Amino acid sequence: MSQNMHVEEVRWHGRGGQGAVLGASILGSAAALYEGRYATSFPSFGAERRGAPVQAFTRIADRAIRTRSQIYHPTKVIVLDDTLFGVVDITAGIPAGASVLVNTSKSVPELSLPASIKVVTLDASAIAREIIGVAIVNTTMLGALAGATALVSLDAVKRAIADALPEKVAKRNIAAAEAAYEKVR
Amino acid sequence: MSTRTPARKYITANEAVACAARLARVEVIAAYPITPQTTIVEKLASFIARGEMDADFIKVESEHSALTACMGARMAGVRAFTSTSSQGLEYMHEMLAYVSGGRYPLVLVNVCRSVALPWSIWGDQQDAIQQRDTGWIQIFTETGQEAMDMVLQAYRIAEDHRILLPVMICLDGFIQSHTEELVEIPDQESVDSFLPPYDPVVTLDVDNPHTISMGGFGKHYAAWRREQQAAAEKAGEVIVEVGDEFARVFGRHYGGLIEPYRCEGAEAVILLMGALTGTAREVVDEMRADGQAVGLIKVRAFRPFPVQSLRQALSLVKAAAVLDRDCSWGYGGALATDLKAALYSLPNPPAMLNFIGGLGGADVSPEQMKYMLDKALAAKKGAPSSMEFIDL
């Protein structure tokens with residue numbers, strides 16, 4: 001029965017070109033291919049432009065996911081760019097107890113999110129710039145997600161990154177994911 | 001069943017369909033490679049470029065030409081494939097009837113999307129529905145796996161010498177085409193055993209000339225069309241046969257022309273086609289858990305229309321909620337109106353509630369599905385049929 005099945009629903013916020021769609025995809029493949037779970041992932045179906053706000057989504061559950069509707073009440077939210085605060089409603093539909101993971105150099109209180117939400121912050125841009133060489137933070141944030149929540153393991157994330165990217169690039173992205181994992185653990 | 005372990009991939013339905021075309025050993029692909037094309041042909045082009053597929057990719061200047069080139073390949077006795085979407089399918093319209101009238105067993109994948117105007121590139125089923133009367137077999141699919149499996153089955157159905165009609169496999173734009181999920185990719189040897197090489201009845205051959213794409217007048221024209229109608233009706237049986245055979249080889253069965261889900265003792269059922277069936281399954285499960293007598297019927301074959309299966313499945317039901325992501329303007333949703341015709345003369349038919357929804361990419365939520373089923377539960381037998389736009 002569907003009400004007995006716990007579905008984790010993840011909403012990714014980013015700007016076009018930051019890798020939100022690929023991040024949602026890598027998360028889904030990590031859970032589905034390397035943790036024996038089921039997943040679906042999809043971009044927000046809107047026009048995509050570099051720099052414009054975009055969303056992407058991942059669902060993860062212990063049995064096949066049948067629903068095709070949009071995600072309205074995400075249990076996890078990943079924000080790749082803190083300039084989106086005030087531009088889009090990061091907290092839209094978030095139930096109490098949900099987790100929000102933000103790439104920012106600000107402190108948690110500075111983000112002024114409701115107290116009912118668990119907030120984890122890290123400067124993923126700094127990590128990505130240092131290790132990958134560019135501030136594309138999707139894989140770094142996946143490492144942080146593995147460190148801050150029980151949603152997915154670091155090992156599965158690393159394997160899914162290795163599938164998604166060319167070998168050399170994958171190595172640096174995996175190293176960034178590991179660094180973020182250690183940082184938030 | 002095959003003893004080999006299939007590869008499991010986390011891919012979109014578009015990619016799954018491309019894998020199916022490769023496994024079907026398609027030799028000619030013709031496509032117009034810009035909007036509104038899909039990533040299906042992009043993937044196929046990359047398979048060919050990497051040497052993973054032995055096929056000719058013909059880049060043409062329009063969808064009209066794409067279908068014409070595929071028809072030419074079929075005349076030469078070659079297995080061909082194309083895919084399109086929305087305005088692209090509309091532009092193929094003239095050639096769709098040419099291909100079916102010529103009895104060329106082509107397979108086309110349509111990623112269902114809305115048509116202009118208003119300009120919208122998002123999902124609904126208006127494009128495919130507008131091709132209903134072009135003589136193609138039309139099958140709607142729910143998941144990436146089913147889309148892939150049905151492309152393999154489509155060649156068997158189309159090329160069956162009792163049928164020789166083209167097949168359009170439909171998948172829903174975005175919620176299916178661009179959604180990644182787990183898909184099992186069968187191995188080539190199993191597919192080869194299920195799908196033998198194309199065995200054409202007539203081919204272009206200078207040493208053995210035939211008249212093809214012939215003219216026909218009056219009685220001769222009608223006689224040819226009557227045979228086409230007979231083949232289209234026969235396709236219902238062949239779709240079931242091929243589905244059963246597919247299940248024996250690959251272990252997956254989709255239920256033939258329709259798939260009733262939890263319809264035992266149901267007072268109200270929801271009927272729909274395509275990927276939204278998945279959402280409806282969740283809603284039916286929840287309502288059943290609350291003790292409500294509801295079920296769903298997934299309509300898989302739209303042409304041939306499964307008249308007998310639907311009459312049987314709906315004979316005891318009090319009310320049917322029909323979700324159409326399309327409309328025949330001035331009448332109603334295509335599934336609902338065809339269903340009404342199919343149930344004509346049924347003693348005591350169910351009340352019919354037609355919901356037009358999910359147009360232009362509008363999301364259809366579980367709450368909306370529940371709303372439709374609640375209304376159907378409250379409807380009385382013999383009530384006049386109704387129509388309602390749910391996106392507004």
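The values are calculated or read from the model by the stated rules, or taken from the named source; none is laboratory data. Just so it is clear, the model here is predicted, and its values are computed rather than measured. All Cβ positions, glycine included, derive from the backbone under ideal geometry; neighbour counts span all protein chains shown.
Values as computed for the structure displayed
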read-out	value
Matching helices (runs of 4 or more DSSP H) fully within segment A:127-185 where at least 1 residues are of a type outside the set (G, A, S) and surrounded by fewer than 20 Cβ atoms within 10 Å (Cβ to Cβ)	A:154-164, A:167-184
Extreme residue, surrounded by the most Cβ atoms within 10 Å (Cβ to Cβ), among residues of segment B:108-131 that are of a type in the set (A, V, I, L, M, F, W, C) and either in contact (Cβ under 8 Å) with a residue 40 or more places away in the chain or part of a helix (DSSP H, G or I) (or both)	B:V111
Test set (1) assigned to a strand (DSSP E or B); (2) modelled with pLDDT under 95; (3) not charged (D, E, K, R) - B:I297 fails condition number	(2)
Any hit, segment B:136-157, residues being within 14 Å of another protein chain (Cβ to nearest Cβ) and of a type in the set (D, E, K, R)	yes
So B:Y331, is it at pLDDT 95 or above, among the hydroxyl-bearing types (S, T, Y), out of contact with any helix residue (DSSP H, G or I) (no Cβ under 8 Å at 6 or more places or on another chain) and over 20 Å from B:I258 (Cα atoms)	no
Looking only at segment A:65-86, and only at residues there that are within 14 Å of another protein chain (Cβ to nearest Cβ) and out of contact with any helix residue (DSSP H, G or I) (no Cβ under 9 Å at 6 or more places or on another chain), the one that is surrounded by the fewest Cβ atoms within 10 Å (Cβ to Cβ)	A:H73
Residue within segment B:185-208 that is in contact with a strand residue (DSSP E or B) (Cβ under 8 Å, 6 or more places away or on another chain), outside the structural domain of B:G274 (by TED's automatic domain parsing) and crowded, with 24+ Cβ neighbours inside 10 Å present	no
Yes/no for A:S44 being farther than 30 Å from B:G274 by Cβ, of a type in the set (G, A, S) and either without any contact (Cβ under 8 Å) to a residue 60 or more places away in the chain or more than 14 Å from chain B (Cβ to nearest Cβ) (or both)	no
Yes/no for B:C19 being surrounded by 18 or more Cβ atoms within 10 Å (Cβ to Cβ) and farther than 30 Å from B:Y221 by Cβ	yes
Among the residues listed as B:T3, B:T35, the single one being modelled with pLDDT under 95 and over 25 Å from B:F174 (Cβ atoms)	B:T3
Odd one out for B:R303 among (1) closer than 21 Å to B:I390 by Cβ; (2) touching a helix residue (DSSP H, G or I) at 6+ places or on another chain (Cβ under 9 Å); (3) among the charged types (D, E, K, R)	(1)
Options B:G173, B:G215, B:G236; residue that is exposed (fewer than 11 other Cβ atoms within 10 Å of the Cβ), assigned by TED's automatic domain parsing to the domain that holds B:I157 and among the small types (G, A, S)	B:G215
Every residue from segment B:359-390 that is within 14 Å of chain A (Cβ to nearest Cβ) and either closer than 15 Å to B:G332 by Cα or touching a helix residue (DSSP H, G or I) at 6+ places or on another chain (Cβ under 6 Å) (or both)	B:L359, B:V364, B:P366, B:M369, B:K370, B:I390
Count of residues meeting criterion [out of contact with any strand residue (DSSP E or B) (no Cβ under 9 Å at 6 or more places or on another chain) and outside any helix (DSSP H, G or I)] in segment B:62-103	4
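Every residue, every condition in (1) surrounded by 21 or more Cβ atoms within 10 Å (Cβ to Cβ); (2) at positive phi; (3) without any contact (Cβ under 8 Å) to a residue 24 or more places away in the chain; (4) touching a Pro at 6+ places or on another chain (Cβ under 6 Å), yes or no:
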position: B:L323; (1), (2), (3), (4): yes, no, no, no
position: B:Y331; (1), (2), (3), (4): no, no, yes, no
position: B:L346; (1), (2), (3), (4): no, no, no, no
position: B:A351; (1), (2), (3), (4): yes, no, no, no
position: B:L359; (1), (2), (3), (4): yes, no, no, no
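Residues are listed down the side, and each one gets a yes or a no for (1) of a type in the set (S, T, Y); (2) away from chain A (no Cβ under 14 Å):
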{"site": "B:V242", "(1), (2)": "no, yes"}
{"site": "B:V249", "(1), (2)": "no, yes"}
{"site": "B:C263", "(1), (2)": "no, yes"}
{"site": "B:E267", "(1), (2)": "no, yes"}
{"site": "B:A289", "(1), (2)": "no, no"}
{"site": "B:A293", "(1), (2)": "no, yes"}
{"site": "B:A321", "(1), (2)": "no, yes"}
{"site": "B:S328", "(1), (2)": "yes, yes"}
{"site": "B:A341", "(1), (2)": "no, yes"}
